[in-house]
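The values are calculated or read from the model by the stated rules, or taken from the named source; none is laboratory data. Note that the coordinates shown come from a computational prediction; the quantities given were computed from them, not determined experimentally. When we count neighbours, we look across all protein chains shown, and the Cβ atoms used for this are built from the backbone with ideal geometry, even at glycine.
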Amino acid sequence: MPDVGDVVTCRLVVAPYDESTVATLAVTAPDGTVTAPVATTADGGQTWTAPLAYIAAGIWLLRWTVTGTGASVEPLTVAVAPAPASMADVRSYSTTTQLANFLHAAPPLDAVKLLERATDLLDADFLRAAVYDVDDEGMPTDPIVAAAFAEAVCAQVEFWGEVGEETDISGPLQGVTIGSVNLQFGAGDNRSSPDYYAPKLVRALKSIPSDKLRWVAASGGW
């Protein structure tokens, strides 16, 4: 699968062919823009090539049209991935180095994406009722809090690696207490353990001293 920024040579082999064979290429970008890269042949019409630069992520449609001998239409769809993200591109409480040290193994190739999503999960599901010192970008400034947050998101990434990112084994989080916050998603007889969240994530947050992080809500469930 190509990435944004890749420059490729599109190639078409025509059979049968002769001097009357002509191939043209029409390229439709993900935004609907249509271009016609110059196609050339060096062997009398059997093999045609055209340069193409993938300038946007998404689905590209390549359509070769052959006239003369070997006349045909050859459509091809190409999925182009965005340029790989680096830690500078995302908001994360952990680096890939911290993740590798936590796992005692090489991190997954999509570690940057997973750390970003784990950070989003931590913010949305656990830290909305939390008060702690932050910098101008909203990142924790206390080293103890920063280390606990890093451990929490690393634990969630490890958990996803074991059960899958979208796995919800026993239903939504219900009945977990952290500090003065009682997080309950749902109620009644269907309460279950917080299997969508890594147990180590919860333990990491509980390890933060109350003078470093405090909770401003008596109950959750949002």
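Looking at Leu127, Leu109, Leu61, Leu115, which is the one that is over 30 Å from Thr33 (Cα atoms) and modelled with pLDDT of 95 or more?
One residue alone meets the criteria, Leu115.
Quick one: what pairs do we get from segment 203-218, first residue surrounded by fewer than 18 Cβ atoms within 10 Å (Cβ to Cβ), second modelled with pLDDT of 90 or more and part of a loop (DSSP other than H, G, I, E, B), C-beta under 8 Å, 6+ apart or different chains?
Within 8 Å, the pairs are Lys212/Tyr132; Lys212/Asp142; Arg214/Tyr132.
Out of all the residues in segment 115-148, which are assigned to a helix (DSSP H, G or I) and in contact with a helix residue (DSSP H, G or I) (Cβ under 7 Å, 6 or more places away or on another chain)?
Across segment 115-148, the qualifying residues are Leu115, Ala118, Thr119, Leu121, Leu122, Ala148.
Please name all residue pairs, on different chains or six or more residues apart, with Cβ atoms under 9 Å, provided the first residue is in segment 94-121 and is closer than 12 Å to Glu151 by Cβ and the second residue is charged (D, E, K, R) and in a helix (DSSP H, G or I).
That search, which allows pairs on different chains as well, returns Ser94/Glu151; Gln98/Glu151; Leu99/Glu158; Phe102/Glu151; Phe102/Glu158; Leu103/Glu158.
What's the number of the only condition in (1) at pLDDT 60 or above; (2) in contact with a Phe, Trp or Tyr (Cβ under 6 Å, 6 or more places away or on another chain) that Asp211 fails to meet?
Only one criterion is unmet by Asp211, namely (2).
Matching residues to (1) outside the structural domain of Gly138 (by TED's automatic domain parsing); (2) on the phi > 0 side of the Ramachandran plot; (3) surrounded by 12 or more Cβ atoms within 10 Å (Cβ to Cβ):
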position	(1), (2), (3)
Val22	yes, no, yes
Ala26	yes, no, yes
Ala50	yes, no, yes
Ala57	yes, no, yes
Leu61	yes, no, yes
Leu99	no, no, yes
Phe102	no, no, yes
Ala105	no, no, no
